[in-house]
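Data first, discussion second: the structure below is written as C-alpha cells.
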Protein chains: 2
Amino acid sequence: MPAPKKIGSQTVAFAQPPVILATAALAGAKEGQGPLRPTFDKVIEDPYYGEDSWEKAERRLLQEALEKALAKANLQPEQVDYLLAGDLLNQIVAANFAARALGIPYVGLYGACATIYEGLALGAMLIDGGFADYVLIGSSSHYSTAERQFRFPTEHGSQRPPTAQWTVTGAGAILLGRQGKGPRVTHATIGRVIDLGSTDPMNMGAAMAPAAANTIVSHLGDLGRQVTDYDLILTGDLGYYGRELLLALCREYGYELGERHNDCGLMIFDRQKQDVHAGGSGCGCPAVVTCGYLFQEMSAGRLRRVLGVGTGALMSPVTTKQGDTIPAIAHAVVLEA
Amino acid sequence: MPAPKKIGSQTVAFAQPPVILATAALAGAKEGQGPLRPTFDKVIEDPYYGEDSWEKAERRLLQEALEKALAKANLQPEQVDYLLAGDLLNQIVAANFAARALGIPYVGLYGACATIYEGLALGAMLIDGGFADYVLIGSSSHYSTAERQFRFPTEHGSQRPPTAQWTVTGAGAILLGRQGKGPRVTHATIGRVIDLGSTDPMNMGAAMAPAAANTIVSHLGDLGRQVTDYDLILTGDLGYYGRELLLALCREYGYELGERHNDCGLMIFDRQKQDVHAGGSGCGCPAVVTCGYLFQEMSAGRLRRVLGVGTGALMSPVTTKQGDTIPAIAHAVVLEA
C-alpha cells in the first residue's frame, strides 16, 4: 500500500513532485493590447480565427495551445498518457473537439474558471500515483462565446455594471511530466463548494472570493505555512472587487495576503486604459497568465514558490433564472522553481 | 518513484484494487415500471420530486443518492476525501449543487453519459495512488431537463424517430474505499475521443458505438484478454441500434461479444411494453444500472468479473447546429467480485 499523501483536511503532498515541462498561451486581440503581451506565444487578432463561428475559433485556440505545448517538449500526442481539459461552453465542447483532434485518452473536466488548476492538481496526482509519465492539461474561453451563452447577444450592446468582468479570449496548455527540468508541483489542495448567498452573475468576483479564501486558509492551515512562505499567491479571476473581498476574508482568519497576492484578472488587462470594468475572467484568464507570465517568471527564477489558486463560479444561466445563489470553488497547487 | 501501472496503450492496473463499499440508485417513475425496479433504492413518482423545477428535482435526486451511499457505509461527508461527479446539464449544475450540499472537496467532471465510469476510473486512481481513503462518485440525468435542454420543450410533443433513446431519470452514487468488502476495481481504460462522422443527435447509439468498440478492443488488447474472460461486458447507453453496431465493429477486430454483452439502455426499460424506442440513455442510465443491478449481482457472486464501459456523446446543441459531427468517448473499468 502506498504511503498516505494527505496532509490535514484537504491537501496532498507529492512524493516525487511532477514537473511542468512546457506551457503554451494563446490570447485574443484585446488581451494582446494588455501588459502581458510579451508572455503570450501568439496573439489572435481575428475573433473568428479564420473559422465560421466563435465556438470553432475557441476550439482551434485550445487545440493549438495543446499542440504548441507538446511541440515545445518535442513530444508526439501518442506519448502522452492523458489529456485533462475543460472550458465554459455547454458540454465543454471546445475541449471535447480539441481532444478529438489530438487523439490522447481524454478526461473531460468542468471546474468553470478553476479548470486549469483542477487539471493541474489531478494531473499531478495521476503522475505521482504512477499512472502516467506525461499529462497534458488545457483550458480556454472566448469573450464572444461566453457573452452569448451566459449573458446577452453581443449585438445587443447591453450595458455592463462596474462589477462585471471581461471574459478573456485565450487558451493555455501545460505539459506535466514525471521527470525533467521546470517548475514542480509539490502540493495540491482540492476545494469545497462554497456559497455565501451571492446572487449577482454580474459580480462573479464576489461569488468566488469566499471559495478562494476557504481554499487558501485550508491550504495554509494544512501545511502550517504562512503567507510569507510564498513569493506569490495568484488567484484566477476574482477581479478588482473579488480581490478586495478575498483580502478582507483572509484577514478575518488571521492571514494578511497584502502584496503577496495578485489576481490573473487584474494582471491581464490595463484597467486604466482598457474598458474591462472589474478585470478579466473566464477559463482562459488563469490559463494564459499561468502558462505565460507565471511559467516564465518561475523558469527564470524570479519567483521561487507560488500558490496558484484557480477560482470558478459553478452556476448556470438556468440556476440563476430559477433563483439560486452562486456556488463557487477554488483549487490550489504549489509550484516551486 | 512508484512502479509504473500502465499496461499497453490505455490501461492501468491497480496495485491494491480499490473496493466499492456501497452504492445507491434512485430512479424515476418510468424507470420504476421497468424490469430493474427491485434493484433501485427508491423510485420517485413525481418528476418534480417536490421541487419547483425539474433541474432542482435532478439535483435533489443526485444529492440523495450520494447521501444514501454514504449512509449505507456508515460514513460522514467529512470522512470522504473527494467527490467526483458530473451530469448532462449545462455547467453540470446538478453535481455542483449536490457538492455544495455535501461539502466534500469536489472535482467536477464532464464525460456526458460516461461520467459515472470516468469518475470510477479516476476515483480508483486517486485511492490507489495514495491520495484518498474514500472517494464518492455520482452522476445523474432527468428526462425532462435533458429534453428541454438538448431537444424540444416537452410541451411541444415532438415526434421521435425509432433510433431515439429515452433519457433516464435517475441518479447513481458509488462509495469507493481503500479497504473493505465489496467488488474491486482492478483496471481502468480511459478512452480516446472517436468520431466516425455521425451527425444525427436522434441516433446517439450510432455515434457512441465506435467509441465503445475502440475502448473495448484497446482494453482487451492491452491486457491480452478475450471476451470470455468476462462474465459480462456492460456498455452504458448504446441502446438497440448502437448495440448492433458495437457487435459488428468488435467482430471486425476479431472479438465476438455475443451473449457476454449487454447494455444498460436495453436493460432498464421493457422495450416491448414501454414506449422508449431504441432504449434508455443519459448519465443516469449507466449510473442506476451499475449502482443497482450490477453491484447487487456482483455482491451476490452471480457475476464474478465484469467490464463496465461508460459511453458518452460529446456534442452540444450548438455544435450540431453549426454542422459538426458527433464525437464520442467510452471509459472502461474492470470489476471483480
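One line per residue, one yes/no per condition, for (1) modelled with pLDDT of 95 or more; (2) more than 30 Å from B:Val43 (Cβ to Cβ); (3) surrounded by fewer than 20 Cβ atoms within 10 Å (Cβ to Cβ):
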site: B:Val193; (1), (2), (3): yes, yes, no
site: B:Val227; (1), (2), (3): yes, yes, yes
site: B:Gly242; (1), (2), (3): yes, no, no
site: B:Glu252; (1), (2), (3): yes, yes, yes
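Suppose we keep only residues that are in a strand (DSSP E or B) and among the aromatic types (Phe, Trp, Tyr) within region B:95-134. Which one would you say is nearest to the other protein chains (Cβ to nearest Cβ)? Can you show your working first?
First, pick out the residues of region B:95-134 that are in a strand (DSSP E or B): B:106-109, B:134.
Then drop every residue that is not among the aromatic types (Phe, Trp, Tyr), which leaves B:106, B:134.
Working: B:Tyr106: 6, B:Tyr134: 11 Å.
If we take residues in region B:95-134 being in a strand (DSSP E or B) and among the aromatic types (Phe, Trp, Tyr), then B:Tyr106 is nearest to the other protein chains (Cβ to nearest Cβ).
Does B:Gln91 fit the bill of being in a loop (DSSP other than H, G, I, E, B), at pLDDT 95 or above and in contact with a Pro (Cβ under 9 Å, 6 or more places away or on another chain)? Steps first, please.
Numbers: in a loop (DSSP other than H, G, I, E, B): no; at pLDDT 95 or above: yes; in contact with a Pro (Cβ under 9 Å, 6 or more places away or on another chain): yes.
Answer is no for this residue.
In region A:191-208, what residues are in a loop (DSSP other than H, G, I, E, B) and more than 24 Å from A:Gln159 (Cβ to Cβ)?
Initial filter on region A:191-208 (in a loop (DSSP other than H, G, I, E, B)): A:191-193, A:195-203.
Within region A:191-208, A:Gly191, A:Arg192, A:Val193, A:Asp195, A:Leu196, A:Gly197 qualify.
May I ask you to verify whether A:Arg271 is at pLDDT below 95, within 21 Å of A:Trp166 (Cα to Cα) and either away from chain B (no Cβ under 14 Å) or buried (at least 24 other Cβ atoms within 10 Å of the Cβ) (or both)?
Details: at pLDDT below 95: yes; within 21 Å of A:Trp166 (Cα to Cα): yes; either away from chain B (no Cβ under 14 Å) or buried (at least 24 other Cβ atoms within 10 Å of the Cβ) (or both): yes.
In short, yes.
Out of A:Ala188, A:Ala173, A:Ala211, I need the residue that is outside any strand (DSSP E or B) and at pLDDT 95 or above. Which one?
Values: A:Ala188 fails: outside any strand (DSSP E or B); A:Ala173 fails: outside any strand (DSSP E or B).
Every option except A:Ala211 fails the conditions.
So, of the residues in region A:63-87 that are within 14 Å of another protein chain (Cβ to nearest Cβ) and under 16 Å from A:Ala27 (Cα atoms), which turns out to be farthest from the chain's Cα centre (by Cα)? Working first, answer last.
Residues of region A:63-87 within 14 Å of another protein chain (Cβ to nearest Cβ): A:63, A:66, A:76-87.
Subsequent filtering for residues that are under 16 Å from A:Ala27 (Cα atoms) retains A:63, A:66, A:87.
On the way: A:Gln63: 17, A:Leu66: 15, A:Asp87: 10 Å.
Checking each candidate, the answer is A:Gln63.
Modelled with pLDDT of 95 or more, among the small types (Gly, Ala, Ser) and under 15 Å from B:Ile20 (Cβ atoms): which single residue out of B:Ser299, B:Ser281, B:Ser316 fits that description?
Values: B:Ser281 fails: under 15 Å from B:Ile20 (Cβ atoms); B:Ser316 fails: under 15 Å from B:Ile20 (Cβ atoms).
Answer to the selection: B:Ser299.
How many of the residues making up region A:24-45 are part of a loop (DSSP other than H, G, I, E, B) and either assigned by the TED database to the domain that holds A:Leu294 or of a type in the set (D, E, K, R) (or both)? Full working, then the answer.
First, pick out the residues of region A:24-45 that are part of a loop (DSSP other than H, G, I, E, B): A:33-36, A:40-41, A:45.
With the extra rule that they be either assigned by the TED database to the domain that holds A:Leu294 or of a type in the set (D, E, K, R) (or both), the set shrinks to A:41, A:45.
Residues that pass the stated criteria total 2.
For residues in region B:44-57 being more than 18 Å from B:Phe150 (Cβ to Cβ) and at the interface with chain A (Cβ under 10 Å from one of its Cβ atoms), which is surrounded by the most Cβ atoms within 10 Å (Cβ to Cβ)?
Residues of region B:44-57 more than 18 Å from B:Phe150 (Cβ to Cβ): B:44-46, B:48-52, B:56.
With the extra rule that they be at the interface with chain A (Cβ under 10 Å from one of its Cβ atoms), the set shrinks to B:51-52, B:56.
Numbers: B:Glu51: 16, B:Asp52: 10, B:Lys56: 22.
Ranking the candidates gives B:Lys56 first.
What residue, of B:Thr163, B:Thr145, B:Thr228, is assigned to a helix (DSSP H, G or I), out of contact with any strand residue (DSSP E or B) (no Cβ under 7 Å at 6 or more places or on another chain), not assigned by the TED database to the domain that holds B:Ser281 and not charged (D, E, K, R)? Quick ask: steps written out before the conclusion?
Working: B:Thr163 fails: assigned to a helix (DSSP H, G or I); B:Thr228 fails: not assigned by the TED database to the domain that holds B:Ser281.
Within the list B:Thr163, B:Thr145, B:Thr228, the selection yields B:Thr145.
Okay, residues lined up against (1) closer than 29 Å to B:Thr11 by Cα; (2) at pLDDT 95 or above:
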position	(1), (2)
B:Ala57	no, yes
B:Ala69	yes, yes
B:Gly86	yes, yes
B:Tyr106	yes, yes
B:Leu122	yes, yes
B:Ile137	yes, yes
B:Glu147	no, no
B:Phe152	no, no
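Across region A:197-242, what is the total count of residues that are among the charged types (D, E, K, R), touching a helix residue (DSSP H, G or I) at 6+ places or on another chain (Cβ under 9 Å) and either over 20 Å from A:Gly280 (Cβ atoms) or free of Cβ contacts under 8 Å to residues at least 12 places away in the same chain (or both)?
Quick first cut of region A:197-242, residues among the charged types (D, E, K, R) only: A:200, A:222, A:225, A:229, A:231, A:237.
Next cut, touching a helix residue (DSSP H, G or I) at 6+ places or on another chain (Cβ under 9 Å) only: A:200, A:225, A:229, A:231, A:237.
From the residues that got through so far, the ones that are either over 20 Å from A:Gly280 (Cβ atoms) or free of Cβ contacts under 8 Å to residues at least 12 places away in the same chain (or both) too are A:225, A:229, A:231.
Looking only at that region, the number is 3.
Of all residues in region A:311-330 being under 12 Å from A:Ala112 (Cβ atoms) and in contact with a Leu (Cβ under 8 Å, 6 or more places away or on another chain), which is surrounded by the most Cβ atoms within 10 Å (Cβ to Cβ)?
First, pick out the residues of region A:311-330 that are under 12 Å from A:Ala112 (Cβ atoms): A:311-316, A:326-330.
Okay, now just the ones that are also in contact with a Leu (Cβ under 8 Å, 6 or more places away or on another chain), so A:311, A:316, A:326-329.
Working: A:Thr311: 36, A:Ser316: 23, A:Ile326: 23, A:Pro327: 27, A:Ala328: 32, A:Ile329: 33.
If we take residues in region A:311-330 being under 12 Å from A:Ala112 (Cβ atoms) and in contact with a Leu (Cβ under 8 Å, 6 or more places away or on another chain), then A:Thr311 is surrounded by the most Cβ atoms within 10 Å (Cβ to Cβ).
So B:Leu75 clears everything in (1) buried (at least 22 other Cβ atoms within 10 Å of the Cβ); (2) within 27 Å of A:His331 (Cα to Cα); (3) not charged (D, E, K, R) except one condition, right? Which one?
Among (1) buried (at least 22 other Cβ atoms within 10 Å of the Cβ); (2) within 27 Å of A:His331 (Cα to Cα); (3) not charged (D, E, K, R), B:Leu75 violates only (1).
Is there any pair with a first residue in region A:101-129 that is not assigned by the TED database to the domain that holds A:Ile20 and a second that is of a type in the set (Lys, Arg) whose Cβ atoms are under 8 Å apart and which are 6 or more apart or on different chains, and what are they?
Between residues of region A:101-129 that are not assigned by the TED database to the domain that holds A:Ile20 and residues that are of a type in the set (Lys, Arg), there is no close pair.
So for region B:164-172 (the condition being crowded, with 24+ Cβ neighbours inside 10 Å, within 14 Å of another protein chain (Cβ to nearest Cβ) and either touching a Cys at 6+ places or on another chain (Cβ under 7 Å) or without any contact (Cβ under 8 Å) to a residue 12 or more places away in the chain (or both)), does at least one residue qualify?
Checked against the condition, which is being crowded, with 24+ Cβ neighbours inside 10 Å, within 14 Å of another protein chain (Cβ to nearest Cβ) and either touching a Cys at 6+ places or on another chain (Cβ under 7 Å) or without any contact (Cβ under 8 Å) to a residue 12 or more places away in the chain (or both), region B:164-172 yields no hits at all.
Among the numbered conditions (1) among the acidic types (Asp, Glu); (2) over 22 Å from B:Gly265 (Cβ atoms); (3) modelled with pLDDT of 95 or more, tell me where B:Glu118 comes up short.
(2)
So which residues in region B:27-57 are touching a residue at least 60 places away in the same chain (Cβ under 8 Å), of a type outside the set (A, V, I, L, M, F, W, C) and under 23 Å from B:Ser299 (Cβ atoms)? Working first, answer last.
Step one: filter region B:27-57 for residues touching a residue at least 60 places away in the same chain (Cβ under 8 Å), giving B:27-31, B:33-36, B:39-41, B:44, B:47, B:54-55, B:57.
Subset that is of a type outside the set (A, V, I, L, M, F, W, C): B:28, B:30-31, B:33-35, B:39, B:41, B:47, B:55.
Hits for region B:27-57 are B:Glu31, B:Gly34, B:Pro35, B:Thr39, B:Asp41.
Please go through (1) assigned to a helix (DSSP H, G or I); (2) among the hydroxyl-bearing types (Ser, Thr, Tyr); (3) within 17 Å of the chain's Cα centre (by Cα) for A:Ser139 and return the number of the only condition it doesn't satisfy.
(1)
Quick check, is B:Arg37 within 13 Å of another protein chain (Cβ to nearest Cβ) and of a type in the set (Lys, Arg)? Break it down stepwise before answering.
Details: within 13 Å of another protein chain (Cβ to nearest Cβ): no; of a type in the set (Lys, Arg): yes.
No; evaluated as a whole, the condition is false for this residue.
Going by the structure shown, is A:Arg60 more than 7 Å from chain B (Cβ to nearest Cβ), free of Cβ contacts under 8 Å to residues at least 24 places away in the same chain and not aliphatic (A, V, I, L, M)? Give the derivation first.
Details: more than 7 Å from chain B (Cβ to nearest Cβ): yes; free of Cβ contacts under 8 Å to residues at least 24 places away in the same chain: yes; not aliphatic (A, V, I, L, M): yes.
Here the answer is yes, as A:Arg60 does meet what is asked.
The values are calculated or read from the model by the stated rules, or taken from the named source; none is laboratory data. This is a predicted model, so every value here is computed, not measured. Glycine also receives a Cβ, built like all others from the backbone with ideal geometry; neighbour counts cover every protein chain displayed.
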